[in-house]
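In what follows, a structure is listed as structure tokens, so that the remarks can point back to it.
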Amino acid sequence: MTILIVDDHSAIRRGVRAILESHLGFAVVGEAGTGAEAIDLAGLHQPDVAVIDYSLPVMNGSQLTRRIREASPRTEVLVFTMHESEALVREVLGAGARGYLLKSDADQQLIAAVDALSRRQPYFTGRVNQTLLAHFLAHPREGSEPDTLTAREREVVRLIAEGLSSREVSETLAISLKTVETHRSSAMHKLGLSTTAALVRYAVRNKLVEP
């Protein structure tokens, strides 16, 4: 059973690899530190399971889940994160992931999670509402974000949530003020939000910024 590991911290990748390769029959066929590398490796190796960190630079776990599934439709995705968030569970389920594992549970549950996904069975840990989980497994598109934000939209949302003005965001990202406003408006439209306060709450809830 082949596995792809995706995390931007090499120490975490080594730890995950050591746990997985201690299990007879598991073979890690690739490691990636970025979403782009992960997509290439998924297309090349067509792994049975991809274990991916949610909080990657440039591309988040939901975006990467979709891209991996496009590159390798047979690959099941396990989102591996330190964040226990109902909003993230909704998001990754909507993107097509079949598993959600907290990093704090890795020693005890990583092998079981990967084994379950390899058998096309879902695996979720943490205080995940079981009713929510059952509903989303039956109706994966209902209640997910209308559209996944682009990497640039997420950057703009994060900076606005951190208190920067549109002009300061423009200077920070070296893009025009008009482009900032375009990304901001697009993000708010996709998320169905109408105020900056709601945008900040979204950013905090989805771990784009610390509360």
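The values are calculated or read from the model by the stated rules, or taken from the named source; none is laboratory data. On a predicted model such as this, the values are computed, not experimentally measured, just so you know. Cβ placement follows ideal geometry from the backbone for every residue including glycine, while neighbour counts extend to all protein chains displayed.
Restricting to segment 13-53, and then to whatever is within 19 Å of the chain's Cα centre (by Cα) and in contact (Cβ under 8 Å) with a residue 60 or more places away in the chain, can you tell me which residue is nearest to residue 159 (Cα to Cα)?
51
For segment 1-38, name all the residues that are under 22 Å from residue 74 (Cα atoms), charged (D, E, K, R) and not in a helix (DSSP H, G or I).
7, 31
Test of understanding: among 131, 179, which residue is part of a helix (DSSP H, G or I), surrounded by fewer than 18 Cβ atoms within 10 Å (Cβ to Cβ) and at pLDDT below 80?
The match here is 131.
Taking the options 114, 92, name whichever one is in contact with a strand residue (DSSP E or B) (Cβ under 6 Å, 6 or more places away or on another chain), farther than 22 Å from residue 202 by Cα, not in a loop (DSSP other than H, G, I, E, B) and not small (Gly, Ala, Ser).
Sole residue among the options that is in contact with a strand residue (DSSP E or B) (Cβ under 6 Å, 6 or more places away or on another chain), farther than 22 Å from residue 202 by Cα, not in a loop (DSSP other than H, G, I, E, B) and not small (Gly, Ala, Ser): 114.
For segment 144-154, indicate whether the set of residues that are surrounded by 19 or more Cβ atoms within 10 Å (Cβ to Cβ) and at pLDDT 80 or above is non-empty.
Yes, there is a match, as at least one residue in segment 144-154 is surrounded by 19 or more Cβ atoms within 10 Å (Cβ to Cβ) and at pLDDT 80 or above.
From the list 42, 27, exactly one residue is assigned by TED's automatic domain parsing to the domain that holds residue 97, buried (at least 20 other Cβ atoms within 10 Å of the Cβ), modelled with pLDDT of 95 or more and touching a strand residue (DSSP E or B) at 6+ places or on another chain (Cβ under 8 Å). Which is it? Before the answer, list the steps.
On the way: 27 fails: buried (at least 20 other Cβ atoms within 10 Å of the Cβ).
Just a single option satisfies the conditions, and that option is 42.
Tell me which residues, restricted to segment 38-60, are of a type in the set (Gly, Ala, Ser) and within 13 Å of residue 98 (Cβ to Cβ).
Within segment 38-60, the first condition is being of a type in the set (Gly, Ala, Ser), and the residues that meet it are 38, 42-43, 50, 55.
Once the filter is applied, which keeps residues that are of a type in the set (Gly, Ala, Ser) and within 13 Å of residue 98 (Cβ to Cβ), segment 38-60 yields only 50.
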